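**Student:** Pasting a structure below so you can have a look.
The values are calculated or read from the model by the stated rules, or taken from the named source; none is laboratory data. Nothing here was measured: the structure is a model prediction, and the numbers come from that model. Cβ placement follows ideal geometry from the backbone for every residue including glycine, while neighbour counts extend to all protein chains displayed. For accessibility, only protein heavy atoms count, side chains too; no ligands or nucleic acids. Shrake-Rupley method; radii C 1.70, N 1.55, O 1.52, S 1.80 Å.
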Protein chains: 2
Amino acid sequence: MKIYFAGSIRGGRKNSGIYAQLIDFLKKFGEVLTCHIGDSNVRNSEKQFTEKEIHDRDIKWLSEADVVIAEVSTPSLGVGYEIGRAVEAGKPILCLYNSHADFELSALIGGSESLNVINYDHISETFSEIEKFLNSRELRAEG
Amino acid sequence: MKIYFAGSIRGGRKNSGIYAQLIDFLKKFGEVLTCHIGDSNVRNSEKQFTEKEIHDRDIKWLSEADVVIAEVSTPSLGVGYEIGRAVEAGKPILCLYNSHADFELSALIGGSESLNVINYDHISETFSEIEKFLNSRELRAEG
């Protein structure tokens, strides 16, 4: 299973530790196409690419992905853009939102019936829900 | 011409004055479906709606719009989501980014060939470019 993990880069890296934990967990279930999101040095390592190269690489990965998991506690144009494109492409999407985040979740994410949203206090609470979500997709893909 | 203006609400209201100026300018060219984005009281006035009602209203407006104009100086999941869905729907999109913004523009916005991005120092600099963009769409729609 190919998993596209979405998390904020330029919108703010406050939750980068949580992204790294999530990516480690997701690796048990398949290939995480966007491992770099959890890298504490991602801003520097992306400087070797042009903006177009980053965009085209990410959109190629998004189109290849079987599922999208997005951490949405930090406002981010990129994460919103990826979710919007994935909704239009009919991808299964799971969003994770920290109830103690500095920003209230966008109504366009929280109010969309195309998205599954989990509110959490601690990231480990989301693991069983993520597993359930991924297993249901895996079975559907095999069926 | 129906214009969908996108600007941050829950991601932060630092640029709400600029949104109001842009909306006033855009009204010369057609119907701005999302006038409330410039309203200083938007957070309170939206409390009368459920999250689903806000999402469904905005996505209906987005589907009806002839063009999308997005102010992208504030990271925002909602604005990113709207741009992502509009790209997939093939809408003409113009993004406006303040070169002095607190956050660097997402590579998914700056690196997309489906988007037109204008960098500005002062919002009034964008007006002639917006006019050119809207007039080209108007002519194309009539042609």
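**Student:** Quick one: A:His36 ticks every box in (1) over 24 Å from B:Ser112 (Cα atoms); (2) at pLDDT below 95; (3) not charged (D, E, K, R) except a single one, so which number is it?
**Tutor:** (1)
**Student:** Give the range B:50-93 a look and list any residue that's of a type in the set (S, T, N, Q) and out of contact with any Pro (no Cβ under 7 Å at 6 or more places or on another chain), or say none.
**Tutor:** Answer for the range B:50-93, where residues must be of a type in the set (S, T, N, Q) and out of contact with any Pro (no Cβ under 7 Å at 6 or more places or on another chain): B:Thr50, B:Ser63, B:Ser73, B:Thr74.
**Student:** Looking at (1) in contact with a Ser or Thr (Cβ under 7 Å, 6 or more places away or on another chain); (2) at pLDDT below 95, find the lone condition where B:Asn44 falls short.
**Tutor:** Here B:Asn44 meets the rest and fails (1).
**Student:** Just one of (1) in a loop (DSSP other than H, G, I, E, B); (2) in contact with a strand residue (DSSP E or B) (Cβ under 7 Å, 6 or more places away or on another chain) trips up A:Gly12, so point out which.
**Tutor:** All conditions pass for A:Gly12, except number (2).
**Student:** Take A:Ser63 and decide whether it is touching a residue at least 12 places away in the same chain (Cβ under 8 Å) and surrounded by fewer than 18 Cβ atoms within 10 Å (Cβ to Cβ).
**Tutor:** Criteria met by A:Ser63.
**Student:** Continuing with the same structure: Search the range B:1-23 for residues that are under 10 Å from B:Ala70 (Cβ atoms) and away from chain A (no Cβ under 14 Å) and pair each with any residue that is open to solvent by less than 30 Å² (accessible area, probe 1.4 Å) and in a loop (DSSP other than H, G, I, E, B) when their beta-carbon atoms are under 6 Å apart and the residues are at least 6 apart or on different chains.
**Tutor:** Pairs that qualify, where the first residue is under 10 Å from B:Ala70 (Cβ atoms) and away from chain A (no Cβ under 14 Å) and the partner is open to solvent by less than 30 Å² (accessible area, probe 1.4 Å) and in a loop (DSSP other than H, G, I, E, B), are B:Phe5/B:Thr34.
**Student:** Given the criteria acidic (Asp, Glu), over 13 Å from the mean Cα position of the chain (by Cα) and open to solvent by 60 Å² or more (accessible area, probe 1.4 Å), does A:Asp102 qualify?
**Tutor:** yes
**Student:** Does the range B:38-56 contain any residue that is more than 30 Å from A:Arg13 (Cα to Cα), open to solvent by less than 30 Å² (accessible area, probe 1.4 Å) and aromatic (Phe, Trp, Tyr)?
**Tutor:** Scanning the range B:38-56 turns up no residue that is more than 30 Å from A:Arg13 (Cα to Cα), open to solvent by less than 30 Å² (accessible area, probe 1.4 Å) and aromatic (Phe, Trp, Tyr).
**Student:** Further question on the same structure: Determine whether A:Lys28 is open to solvent by 60 Å² or more (accessible area, probe 1.4 Å), closer than 15 Å to A:Pro75 by Cα and assigned to a loop (DSSP other than H, G, I, E, B).
**Tutor:** So A:Lys28 fails the test.
**Student:** Please identify the pairs in which a residue from the range B:88-102 that is polar (S, T, N, Q) has its Cβ atom under 6 Å from the Cβ atom of a residue that is outside any strand (DSSP E or B), counting only partners at least 6 apart or on another chain.
**Tutor:** B:Asn98/B:Ser73; B:Ser99/B:Asp121
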